[in-house]
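The block underneath contains the structure these notes are about, expressed in structure tokens.
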Amino acid sequence: MNWKPRPETLNQLMQVSLEQQKTLESLLEEAIEQYLQTYRPSVPQTDTDPLIGLYEGSPETSSCAEEILETEISEKSGLSWKD
């Protein structure tokens with residue numbers, strides 16, 4: 001990294017560094033982390049969203065539904081055909 005801050009900015013950082021008894025590196029790291037938290041897009045909670053996965057699957061699912069059910073359902077699955 002080739003960072004050359006303005007002298008005023010560097011003086012202010014050094015003053016804060018002395019006041020908080022922290023290194024310039026730790027101050028910069030904290031500032032960058034705060035910046036990233038502010039501007040990082042939030043990741044949706046997929047485990048609580050009932051619509052996640054709703055549209056996954058083959059586009060032919062509706063036309064092949066009977067075949068899919070017949071191959072997936074067995075006696076052990078707990079489902080049975082209605083007569």
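The values are calculated or read from the model by the stated rules, or taken from the named source; none is laboratory data. In this text, all values refer to a predicted model and were calculated from it rather than measured experimentally. All accessible areas refer to the heavy atoms of the entire protein, side chains included, with ligands and DNA or RNA removed. Shrake-Rupley method; radii C 1.70, N 1.55, O 1.52, S 1.80 Å.
Observations, loosely collected:
- Looking only at region 1-15, and only at residues there that are more than 34 Å from the chain's Cα centre (by Cα) and not acidic (Asp, Glu), the one that is most open to solvent (accessible area, probe 1.4 Å): Arg6
- Test: residue in region 20-38 that is at pLDDT 70 or above, open to solvent by less than 100 Å² (accessible area, probe 1.4 Å) and assigned to a loop (DSSP other than H, G, I, E, B): yes
- Enumeration of residues in region 52-77 that are open to solvent by less than 100 Å² (accessible area, probe 1.4 Å) and at pLDDT 75 or above: Ser63, Cys64, Ala65, Ile68, Leu69
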